[in-house]
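*Asks:* Take a look at this one; I'll ask things after.
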Amino acid sequence: MKFETIIFEYKEKYAILTMNRPQAMNALNHQTLREMNEALDDLEAQRDVRGLIITGAGKSFVAGADIPEIPVGDAEGERRGVIEAQQVMGRISSLEIPTIAAVNGYALGGGNELAMACDIRIASTQATFAQPEVTLGVNACYGGTWRLARLVGPAVAKELLFTARRLSAEEARELGMVNRVVEPDRLMEEAEGMMARICDMAPIAIRYSKIAVDCGLEMSLPQAFAMEREMAALCAVTEDLRLGVEAFHEKKKAVFINR
């Protein structure tokens with residue numbers, strides 16, 4: 001597929017979406033969001049794709065929303081723009097397959113919200129994270145208040161949202177926003193290596209694990225237990241479980257078929 005503001009490509013078992021407006025530090029504009037939606041449409045139609053990596057071209061992951069497109073003085077225009085961005089973030093977070101944000105540089109505002117919409121975040125030592133919306137006179141609104149509070153807790157989230165303080169990659173890791181920090185030249189190697197390992201695991205079991213974590217955050221413990229056991233019951237009748245158990249007994253690596 002050909003796009004102007006993103007690069008979207010398929011590897012053997014996973015896809016890579018690269019934000020590609022380096023001249024604008026990959027800021028999210030309407031065209032970028034539309035193209036991301038198109039890429040996600042195509043991705044969701046591919047049964048054999050088992051993961052997605054999102055990264056940025058140049059020195060930035062995503063440096064936030066495209067400031068010239070902010071509809072100053074137009075409340076309805078702002079609502080429409082926010083809905084468009086929220087829908088993209090929601091689609092990424094609700095993908096059945098695992099997602100990794102390979103954060104190569106600035107992840108500010110909508111960029112941090114995009115990274116947080118992914119399941120796992122791997123950051124370059126040159127990455128910077130922040131929610132600087134209040135410096136412009138607006139609140140974080142692409143899901144950032146909800147996701148940030150769940151990653152770092154409400155008190156720390158409020159501090160970051162109220163002060164617009166920028167975090168280094170290591171500070172973000174210490175707060176729980178980032179899983180791993182690596183040198184810039186190892187970022188994609190690390191992200192693709194982790195994704196390749198994930199893609200070797202049982203896709204149905206991974207899908208249910210993702211649902212269990214995401215939904216379980218909003219459930220009581222008994223409800224979460226009930227969901228886990230029902231998902232385990234569904235796994236019990238899959239070909240993948242049979243293949244996994246057979247491989248275990250035969251002391252070899254299982255090759256899962258997503259059935």
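The values are calculated or read from the model by the stated rules, or taken from the named source; none is laboratory data. Just so it is clear, the structure is predicted and the values come from calculations on it, not from any experiment. Note: ideal-geometry Cβ built from the backbone for every residue, glycine included; neighbour counts use all protein chains shown. Please note that ligands, DNA and RNA were not included when accessible areas were found on the heavy atoms of the full protein model with its side chains. Shrake-Rupley method; radii C 1.70, N 1.55, O 1.52, S 1.80 Å.
*Asks:* Quick one: Debye curve from the alpha-carbon atoms of segment 57-106 only, equal weights, vacuum; give me log10 I(q)/I(0) at q = 0.14, 0.25, 0.29 Å⁻¹ to two decimals.
*Replies:* -0.52, -1.01, -1.07
*Asks:* Suppose all protein chains stay in the model; what accessible area per residue would a 1.4 Å probe give for segment 4-106, in Å²?
*Replies:* 46 Å²
*Asks:* Using the Karplus curve 6.51 cos²θ - 1.76 cosθ + 1.60 with θ = phi - 60°, work out ³J(HN,Hα) for each residue of segment 110-116 in order, rounded to whole Hz, and write x for Gly and Pro.
*Replies:* Residue by residue, segment 110-116 yields x, x, 5, 5, 5, 4, 5 Hz.
*Asks:* What is the diffusion coefficient of segment 169-218 in µm²/s, taking the Kirkwood radius over Cα pairs and the Stokes-Einstein relation at 4 °C with a viscosity of 1.567 mPa s? Spell out each step's value before the answer.
*Replies:* On the way: Rh = 12.9 Å.
Answer, rounded: 100 µm²/s.
*Asks:* Dipole magnitude of the chain about its Cα centre, charges +1 at Lys/Arg Cβ and -1 at Asp/Glu Cβ only, in debye to the nearest 20?
*Replies:* For this selection, approximately 520 debye.
*Asks:* Starting from the Cα-Cα distance between Asp185 and Phe225, subtract it from 0.36 nm times their residue separation and give me the gain in nm to one decimal.
*Replies:* 10.2 nm
*Asks:* In whole percent, and with a 1.4 Å probe on the protein chains, what portion of the accessible area of segment 109-187 is carbon and sulfur?
*Replies:* So the carbon and sulfur contribution to the accessible surface is 51 percent.
*Asks:* Taking 35 Å as R0, compute the FRET efficiency from the Cβ-Cβ separation of Val138 and Glu38 and round it to 0.05.
*Replies:* Efficiency, rounded to the nearest 0.05: 0.80.
*Asks:* Then there is this: In whole Å, largest first, what are the principal axis extents of the Cα atoms in segment 150-259?
*Replies:* Largest to smallest, the principal-axis extents are 54, 42, 19 Å.
*Asks:* From the Cα gyration tensor of segment 72-133, with a ≥ b ≥ c the square roots of its eigenvalues, which class applies: rounded if a/c is under 1.5, or else prolate if a/b is larger than b/c, or else oblate?
*Replies:* Values: a/c = 4.33, a/b = 1.40, b/c = 3.10.
The shape class here is oblate.
*Asks:* Hand me the tally of lysine pairs in the chain: alpha carbons under 29 angstrom apart, and the pair either on different chains or 8 or more positions apart.
*Replies:* Total qualifying Lys-Lys pairs in the chain comes to 18.
*Asks:* Another question, then. Assigning unit charges at the beta carbon (Lys, Arg +1; Asp, Glu -1) and nothing else, what dipole magnitude in debye, to the nearest 20, does segment 46-136 show about its Cα centre? Intermediate values should be presented prior to the final figure.
*Replies:* Numbers: 7 positive and 11 negative charges, 80 e Å.
With Lys and Arg at +1 and Asp and Glu at -1, about 380 debye.
*Asks:* One quarter of the convex hull surface, Cα atoms only: what value does that give for segment 1-60 in nm²? Provide the component values of the computation, followed by the final result.
*Replies:* Details: hull surface 15.5 nm².
Over every viewing direction, the Cα hull of segment 1-60 projects on average to 3.9 nm².
*Asks:* Out of all Cα-Cα pairs in segment 68-191, roughly what percent, to the nearest whole number, are more than 23 Å apart? Mind showing how you got there, number by number?
*Replies:* Details: 2321 of 7626 pairs.
Percentage above 23 Å: 30.
*Asks:* Further question: Using only the Cα atoms of segment 11-125, each taken as one equal point scatterer with no solvent, compute I(q) by the Debye sum, divide by I(0), and report log10 of the ratio at q = 0.09, 0.16, 0.17 Å⁻¹.
*Replies:* One equal scatterer on each Cα of segment 11-125 leads to -0.23, -0.71, -0.79.
*Asks:* May I ask you to derive the relative contact order of segment 115-259, considering only C-alpha pairs under 8 Å and at least 6 residues apart, and to give it as an integer percent?
*Replies:* The value is 23 percent.
*Asks:* Let me check against my output: what whole-number percent is the relative contact order of the chain, with C-alpha pairs under 8 Å and at least 6 apart? Intermediate values should be presented prior to the final figure.
*Replies:* Values: 441 pairs, mean separation 38.9, N = 259.
Dividing the mean separation by the residue count of the chain yields 15 percent.
*Asks:* Under the rule of -39500 (n - 2.57) per DSSP H run of 4 or more residues, summed and divided by the residues of the chain, what mean residue ellipticity at 222 nm is obtained, to the nearest 500 deg cm²/dmol?
*Replies:* Working: 10 runs with 122 residues, N = 259.
So the helix-based figure for the chain works out to -14500 deg cm²/dmol.
*Asks:* Go through Ala247, Ala191, Ala157 and say which Cα lies farthest out towards the positive end of the charge dipole of segment 126-259; charges sit on Cβ, +1 for Lys and Arg, -1 for Asp and Glu.
*Replies:* Ala247
*Asks:* Also, quick follow-up: If contacts are Cα pairs under 8 angstrom and at least 6 residues apart, what is the relative contact order of segment 54-184 in percent? Don't skip to the end; give the middle numbers.
*Replies:* Values: 239 pairs, mean separation 33.2, N = 131.
Relative contact order here is 25 percent.
*Asks:* With the full set of protein chains in place, find how many percent of the accessible area of segment 3-73 is carbon and sulfur; take the probe as 1.4 Å.
*Replies:* The nonpolar share, carbon plus sulfur, comes to 47 percent.
*Asks:* Ok, one more. So with the 1.4 Å probe, I'd like the accessible area per residue for segment 123-221, rounded to whole Å².
*Replies:* 53 Å²
*Asks:* Evaluate the Debye formula for the chain with equal point scatterers sitting on the alpha carbons, no solvent, and hand back log10 of I(q)/I(0) at q = 0.08 Å⁻¹, in q order, two decimals.
*Replies:* Debye output, listed in q order: -0.33.
*Asks:* Give me the percent of DSSP beta bridges within the chain that run antiparallel, rounded to the nearest 5.
*Replies:* 25 percent
*Asks:* For segment 104-174, what class follows from the C-alpha gyration tensor (a ≥ b ≥ c being the square roots of its eigenvalues): rounded when a/c is under 1.5, otherwise prolate if a/b is larger than b/c, else oblate?
*Replies:* Working: a/c = 1.45, a/b = 1.32, b/c = 1.10.
Because its axes are fairly even, with a/c under 1.5, segment 104-174 counts as rounded.
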